[in-house]
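To start, the structure itself, in structure tokens.
The values are calculated or read from the model by the stated rules, or taken from the named source; none is laboratory data. None of the values given here were measured: they were computed from a predicted structure. All Cβ positions, even for glycine, are placed from backbone atoms using ideal geometry, and neighbour counts span all protein chains on display.
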Amino acid sequence: MMNHSDADDASSTPLPRTHLCDMLDCRLPLILAGMGGVARSELVAAVSEAGGFGFLGMVREPLALIEREVRAVRDRTAARFGVNLIPAGTSAELLDQQVQCCVDLQVPVVGLFWDVNHAVVARLKAADITVVHQVGSVAQALQAQSAGVDAFIVQGVEAGGHVSGRQPLDALLAAVLAVVDVPVAAAGGISTGEQVAQLMTQGAQAAVLGTALLATQESFAHDFHKQRVVRARADDTVLTEDFHINWPAHAAVRVLRNSVTQGQHGDPFTQARRVIGEEEGRPIYLFSTDSPLRSMSGDFEPMALYAGRGVDAIDSIPTAAQRMASIMQSAQTHWRMLHRPEVEVSSPVCYAPAFERERNEALIAQLNELLEAERAGVRVTVQTLAQVSDPATRQLVEAIHHDEVQWCVMLLHAIRDMGGTTSPRTGAFFQKAMAIENVAERLAFLNRGQGWVAKRVAELLERVEDPALHKNLTRMLDSHKENLTRVNEHLALE
Ligand SMILES: Cc1cc2nc3c(=O)[nH]c(=O)nc-3n(C[C@H](O)[C@H](O)[C@H](O)COP(=O)(O)O)c2cc1C
């Protein structure tokens, strides 16, 4: 067992212990991303032993390596950890064996990424394994939720490695929190305690660290990669599809700019394969998704040097426990600053007249009713998009989806600002709408729902005194009226 005194300083954190920490059984709200190649047993054990939660990055790895690494973590620590797999990036046969291997080894948690694979989630859940899915959009989060996952990692576009969505972390986190009802962790460009405190204030239940833990002594990344991360700045990172061999098409990665991203090796999609390195007899090809590892030799400069936009704050290669302790220490300081209790002579809530409190509660209930309705709208639009190919209809449904997400986020914040509890429910409208098979008829029904929301918002506006909420509800009303007209015009053309 290793010495965990470094991270013990962080145990006095005033950050709340979250439901996700309970679910994963970790003391600190820090999760090591399941980085393929990089997050091997030494790093996973160091992170879990220091109080965080480590995922072994086992994408496309053979069973013997998974077995060896799982045993190696267990030899080093009694703390819990998980295994990360990527169904879409793995052949069906190997994936089937990997899932069985996790079941046989009684791995407690499996992390998944990229396309949602319902069958894999179902198999893991049937074996009593906790499933955490990383997602890059609201639509993916809803798919993963319907597959039955236990928690999400929301990945912002700032992330290093494969990047599934294009939204910045803040915006995506808010949107996903508005529509799902399982715990959510945040990933993408996180390397400081200030970010951790802010993201947790916004509702994330843990921060996921990739690049920040790649640049540690225990990571399996080659020293060349670690040193490049230490020297880099956020603008040295770039999203590119140039590194594509081994992966499904059109998969973007965030890497440090190098000779490949600068085009010095020509078009990555038209050339014959060229070997630029070697790992225990396995050739490493130019334009492949392999990043330099301790076990590799060759020309590292043109390889995929994954790094997130959090590199600015990474300027050394400490142990994982040291990096976690310093992030936690600063997270505590920032959490305290963000959550300093306000000193009041008398509490307006306690001394407010009973009728004011009742009015407040009635308003919160009405906002929650709208939140449930908008959430239903988000889910209807996501599922409808999956069935529609006509570009004009897609564009219309996408626009409505975008608006409904925005109003969910606004309502969520408004309810919280008033000291209320947000409803986790989705309106019954969702089931009713999805029972309508014909898309045009469903859109007409969706419009009836939008009309209902618009009417309620108009009624509410007569009673809302708070100027900020009044303004937001007015915008919400206007956007619903616009969408009602757009859908009616679209349906009239059909
Ligand atoms: C070197 C590297 C390899 C990665 N490999 C995987 C992987 O195999 N599976 C996965 O789910 N995510 C992988 N990711 C993405 C992480 O899960 C996570 O989203 C990302 O690291 C967060 O951004 P950050 O690196 O800025 O902290 C990888 C990221 C990096 C940097």
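Taken together, the residues in segment 106-124 that are under 21 Å from CYS26 (Cβ atoms) and either of a type outside the set (Gly, Ala, Ser) or free of Cβ contacts under 8 Å to residues at least 12 places away in the same chain (or both) amount to 8. The number of residues in segment 129-168 being closer than 30 Å to ARG228 by Cβ and modelled with pLDDT under 95 comes to 0. Put simply, of ARG27, ARG60 the only residue that is closer than 17 Å to MET328 by Cβ, of a type in the set (Lys, Arg), assigned to a loop (DSSP other than H, G, I, E, B) and at pLDDT 95 or above is ARG27. Total residues in segment 235-256 satisfying the condition of being within 28 Å of ALA88 (Cβ to Cβ) and touching a residue at least 40 places away in the same chain (Cβ under 8 Å): the figure is 15.
Considering each of ALA320, ALA307, ALA272 in turn, give the residue that is over 17 Å from ARG60 (Cβ atoms) and without any contact (Cβ under 8 Å) to a residue 40 or more places away in the chain.
Details: ALA320 fails: without any contact (Cβ under 8 Å) to a residue 40 or more places away in the chain; ALA307 fails: without any contact (Cβ under 8 Å) to a residue 40 or more places away in the chain.
Just one listed residue meets the conditions, ALA272.
Can you find even one residue in segment 195-206 that is out of contact with any Ser or Thr (no Cβ under 7 Å at 6 or more places or on another chain), away from the ligand (no atom under 12 Å from the Cβ) and either aromatic (Phe, Trp, Tyr) or on the phi > 0 side of the Ramachandran plot (or both)? Yes, the conditions are met somewhere in segment 195-206. Scanning segment 227-252 for residues that are buried (at least 21 other Cβ atoms within 10 Å of the Cβ) and either among the basic types (Lys, Arg) or assigned to a strand (DSSP E or B) (or both) yields a count of 2.
Restricting MET418, MET434 to those that are modelled with pLDDT under 95, surrounded by fewer than 16 Cβ atoms within 10 Å (Cβ to Cβ) and assigned by TED's automatic domain parsing to the domain that holds LEU484 reduces the list to MET418. When ALA126, ALA186, ALA178 are screened for being hydrophobic (A, V, I, L, M, F, W, C), within 16 Å of the ligand (Cβ to nearest atom) and either modelled with pLDDT of 95 or more or surrounded by 22 or more Cβ atoms within 10 Å (Cβ to Cβ) (or both), only ALA186 passes. If we keep just the residues of segment 70-99 that are within 13 Å of the ligand (Cβ to nearest atom) and in a helix (DSSP H, G or I), which is surrounded by the fewest Cβ atoms within 10 Å (Cβ to Cβ)? The residue in question is ALA88.
Pairs linking a residue in segment 22-43 that is within 14 Å of the ligand (Cβ to nearest atom) to a residue that is of a type in the set (Lys, Arg), with Cβ atoms under 8 Å and 6 or more positions apart or on different chains, are GLY36/ARG60. Mind checking which residues of segment 138-177 are among the polar types (S, T, N, Q) and assigned to a loop (DSSP other than H, G, I, E, B)? Result: SER164, GLN167.
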